[in-house]
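Asker: Please read through the structure below; I'll follow up with questions.
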Amino acid sequence: MAASVWTPYSNPQAAMNPVIPRHLSHTSVLTLVAFLACDPASSSAATRTFKDTSGRSIEAEVVSVSGDAVTLRRSDGRVFLHPLAIFAPEDQAYIKNGGREVKRTDASAPVPGKVEKKEKEDAPPAVVEPKSASASGQPYLLEPRIRIGKSDRLSKIEKFDDRALRLSVGVDITNRHPTRELHGGKGTLIIMGRSVLQLREYAVLGREEFPVDVPVKTPFRFEGKDIASEYDDKGGTSRFGYTYSGYVFVLQDAEGRIILAAASPGGNARFAEKVLTLQPKTYVDRDFEPLKGRPATTIRLR
């Protein structure tokens, strides 16, 4: 891998040492750029070093491609979604060619008797710098950090082995772009819980919507309301409720377009559009589709 390691619009150390969210701890930085839906039907298993327009690199494989978006899986298994426009031209050609290196066509092959210029043969691959902030289609360089504080202890309201779950939520966003800002945006944070009875059933424990403005060199910070609920995962036939399973964060611009989606391992950023339709106390499967029939248990929010 190149000396400058790239985790999309994050710092090199975060790419080499990703932190997995754990109970009783804050979540790590999950950095994603503009989100577009992906097509799981097209995939490739070839690992390759990709470069963005600033020369930073990431070792990953192509998972799927749809329109102007690509999904990459890093060597540690984490999946990121990116617009094709942020990659160097040769990487864009590789992705559009189905994850295969692009061969020279007959039109570009050397003509017998014609001597090509040596400097062009030895020149490194072209790296296109981002356009000015006023140019359309320029990606945002926004780095979100989702903070989930978790307390999970025996309930003081109910006796026996009922559990009291309390979550504190917050969002920090850093702008890594030297000139482009986000104004009039909207953030949506969905907190998910998993049924203690049916592991394929999920429920929305909480939802936060808030306006987002991220100027250059001025971090954005949001503090949400605490979420409290009760559950029992060890009571035999008396089990009920939902444990915390993860979050999905979606960021939209002033026109309502999704420009960023981030999720914990218990969430899934691919379903950002579906996430935007969910409200607290709604029940879905792991593909964020509404449950058919009654849920195995009910949410007990306090």
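Bear in mind that the values in this text are calculations on the coordinates, not laboratory data. From a predicted model like this one, the values you see are computed outputs, not experimental measurements. Note that we place each Cβ from the backbone using ideal geometry, even for glycine, and neighbour counts take in every protein chain shown.
Asker: For segment 142-301, what does the relative contact order come out to in percent, with C-alpha contacts under 8 Å and a separation of six or more?
Answerer: Relative contact order for segment 142-301 comes out at 25 percent.
Asker: So, one more: Quick one: Cα centre-to-centre distance for segment 232-261 and segment 199-225, in angstrom?
Answerer: Comparing the Cα centres of segment 232-261 and segment 199-225, I get a distance of 11 Å.
Asker: A follow-up question, please. Around VAL196, under 13 Å between beta carbons, what's the net of Lys plus Arg minus Asp minus Glu among the other residues?
Answerer: That works out to -1.
Asker: Okay, next question. Using a 10 Å cut-off around each Cβ, can you sort HIS183, HIS82 from fewest to most neighbouring Cβ atoms?
Answerer: Arranged by neighbour count, lowest to highest, HIS183, HIS82 become HIS183, HIS82.
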